[in-house]
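The values are calculated or read from the model by the stated rules, or taken from the named source; none is laboratory data. Since we're looking at a predicted model, the values are computed, not measured. Note: ideal-geometry Cβ built from the backbone for every residue, glycine included; neighbour counts use all protein chains shown.
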Amino acid sequence: MDVSRRSDRDIKIYLVGGAVRDRLLGLPHEDRDFVVVGATPEDLIAEGFKQVGKDFPVFLHPRTKEEYALARTERKSAPGYRGFLVHADPDVTLEDDLRRRDLTINALAEDEHGNLIDYYGGRADLEDRVLRHVSAAFAEDPVRLLRVARYAARFATLGFTVADETLDLMRFMVANGEVDALVAERVWQELSRALAETEPSRFFDVLRDTGALARLFPEVNRLFGIPQPPQWHPEIDTGIHTMMALDMAARLSPDPEIRFAALTHDLGKGTTPAEILPRHKGHELRSIELIEGLCDRLKVPLRFCELARLVARYHGMAHKVDELRPGTLLDLFQGIDAFRRPERFEQALLAFEADFRGREGYQGRAYPQADRMRRLLAVVRAVDVRAVAMAQPDRTRVPERIREARIRALREAMGGGAS
């Protein structure tokens with residue numbers, strides 16, 4: 001397909017952004033984005049491209065469905081990430097288009113022959129493992145705060161750090177109130193993506209360094225500096241423990257719901273009365289309340305919130321499964337809805353493990369509590385509830401009899417003990 005044959009202008013197409021960056025880093029890349037210089041919307045439509053969206057001149061290729069955007073510039077017109085006037089014109093150059101991008105490593109392009117085009121030092125920053133903004137226009141879009149933090153999480157294992165001048169600019173954006181213009185849906189979108197990265201704690205580290213964490217995620221921010229009993233938490237600081245649990249969850253599972261549960265399981269420790277520190281009596285229920293507030297504010301999907309509430313409620317009990325009474329353990333199983341939703345039970349076990357191992361000196365330890373709970377759940381599930389129900393003539397007492405039968409089975413499996 002040759003767009004240029006439709007026009008007497010010099011039309012050129014360039015591969016840009018992440019595909020170029022990741023190729024230079026030796027990383028796999030599936031999505032490809034292109035910039036078209038010198039063309040009009042009519043040129044692309046005549047070739048069968050389909051325009052998508054209303055705000056930007058972006059088109060889908062008729063066969064590959066890859067995105068082709070007309071070269072464009074942007075001008076700030078109002079607060080927030082939506083306050084831009086977009087100018088797309090055949091006279092806009094590739095250099096103009098790349099100048100508006102967030103980071104130098106994303107402002108790279110390749111021509112049709114595979115030649116690298118680097119106006120802003122992106123290749124050098126890739127080699128130096130630096131995340132650096134392209135221009136002062138970076139400060140006009142508050143979403144870029146979140147994006148830089150997310151890239152820090154994605155590339156943490158490669159040794160990337162945020163340039164000092166970029167951190168300074170991000171701090172200016174926070175102080176200037178630009179971050180307050182972010183809408184809930186966009187904050188959750190970036191958070192959910194950050195949870196999927198290789199080292200998600202770096203997302204929160206960068207936001208905390210710039211002051212954005214206190215504005216966007218105050219429930220998480222206030223955990224830092226809150227002490228915990230050193231005999232259980234050698235790292236002492238609750239914020240540090242939370243980040244360790246989050247990264248441990250990332251090691252254990254790619255499931256973002258488990259990672260969100262690890263992030264939020266101890267939120268209640270941030271509101272523990274100062275006079276009882278470093279103990280945190282009742283933090284589980286306080287965590288649930290804070291999780292509900294966070295989920296409401298950011299419009300977090302229900303499945304994330306449900307698992308997070310359960311992990312917050314039961315993580316302390318799970319760690320002490322060998323000390324629990326049979327009745328208490330049965331309550332735990334029922335509270336997690338383990339009989340009807342075994343997949344969520346498995347999610348909870350991984351989040352419990354992330355919490356347990358997300359402590360200084362505990363990272364390499366086993367978590368036998370998970371297998372113990374699996375075995376005991378199997379014991380409960382083996383109880384013939386139909387036979388129990390049939391043997392009870394008073395139908396109103398059937399639930400009571402089933403519970404008694406399950407507790408008896410647990411007691412025998414656990415070696416005796418009270419109910």
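What are the pairs with Cβ atoms under 6 angstrom where one residue, in the range 359-370, is at pLDDT 95 or above and the other, located anywhere, is among the aromatic types (Phe, Trp, Tyr) and buried (at least 17 other Cβ atoms within 10 Å of the Cβ)? Sequence gap at least six, or different chains.
TYR367/PHE356
Taking the stated definitions as given, is PHE224 aromatic (Phe, Trp, Tyr) and either buried (at least 24 other Cβ atoms within 10 Å of the Cβ) or over 25 Å from MET317 (Cα atoms) (or both)?
Details: aromatic (Phe, Trp, Tyr): yes; either buried (at least 24 other Cβ atoms within 10 Å of the Cβ) or over 25 Å from MET317 (Cα atoms) (or both): no.
No: the conditions fail for PHE224.
Out of (1) under 18 Å from GLU74 (Cα atoms); (2) touching a helix residue (DSSP H, G or I) at 6+ places or on another chain (Cβ under 9 Å), what's the single condition that is false for ALA109?
(1)
Out of ALA214, ALA249, ALA194, report the one residue that is in contact (Cβ under 8 Å) with a residue 12 or more places away in the chain and closer than 26 Å to VAL130 by Cβ.
On the way: ALA214 fails: in contact (Cβ under 8 Å) with a residue 12 or more places away in the chain; ALA249 fails: closer than 26 Å to VAL130 by Cβ.
Residue meeting the stated conditions: ALA194.
Go over the candidates LEU167, LEU267, LEU252, LEU207 one by one and state the one that is among the aliphatic types (A, V, I, L, M), on the phi < 0 side of the Ramachandran plot and in contact with a Phe, Trp or Tyr (Cβ under 9 Å, 6 or more places away or on another chain).
LEU207
Table: residues versus (1) at pLDDT 95 or above; (2) within 25 Å of ARG372 (Cα to Cα); (3) surrounded by fewer than 22 Cβ atoms within 10 Å (Cβ to Cβ).
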site	(1), (2), (3)
ASP255	yes, yes, yes
THR264	yes, yes, no
ARG286	yes, no, yes
GLU306	yes, yes, yes
HIS315	yes, yes, no
GLU343	yes, yes, yes
ALA348	yes, yes, no
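Mind listing whichever residues of the range 111-140 are closer than 18 Å to ILE11 by Cα and either outside the structural domain of THR73 (by TED's automatic domain parsing) or surrounded by 16 or more Cβ atoms within 10 Å (Cβ to Cβ) (or both)?
Listed by number, the list holds a single entry, ILE117.
Looking at the structure I just gave you, is ALA212 at pLDDT 95 or above and touching a Phe, Trp or Tyr at 6+ places or on another chain (Cβ under 6 Å)? Walk me through it before giving the result.
Working: at pLDDT 95 or above: yes; touching a Phe, Trp or Tyr at 6+ places or on another chain (Cβ under 6 Å): no.
When the stated conditions are applied, ALA212 does not pass them.
Go through the residues of the range 49-57 one by one and say whether even a single one is within 25 Å of ILE105 (Cβ to Cβ) and either at pLDDT 90 or above or surrounded by 14 or more Cβ atoms within 10 Å (Cβ to Cβ) (or both).
Scanning the range 49-57, I find at least one residue that is within 25 Å of ILE105 (Cβ to Cβ) and either at pLDDT 90 or above or surrounded by 14 or more Cβ atoms within 10 Å (Cβ to Cβ) (or both), so the answer is yes.
Being closer than 24 Å to ALA181 by Cβ, surrounded by 16 or more Cβ atoms within 10 Å (Cβ to Cβ), basic (Lys, Arg) and modelled with pLDDT of 90 or more is true for just one of ARG101, ARG72. Which residue is that? If you could, list the steps in order and put the result at the bottom.
Values: ARG72 fails: modelled with pLDDT of 90 or more.
Among ARG101, ARG72, only ARG101 is closer than 24 Å to ALA181 by Cβ, surrounded by 16 or more Cβ atoms within 10 Å (Cβ to Cβ), basic (Lys, Arg) and modelled with pLDDT of 90 or more.
Taking the range 273-297 only, how many residues are among the β-branched types (Val, Ile, Thr) and within 17 Å of GLY335 (Cβ to Cβ)? Break it down into steps so the answer makes sense when it comes.
Looking only at the range 273-297, we keep the residues that are among the β-branched types (Val, Ile, Thr), and these are 276, 288, 291.
Now narrow it down to the ones that are within 17 Å of GLY335 (Cβ to Cβ): 288, 291.
Here the count works out to 2.
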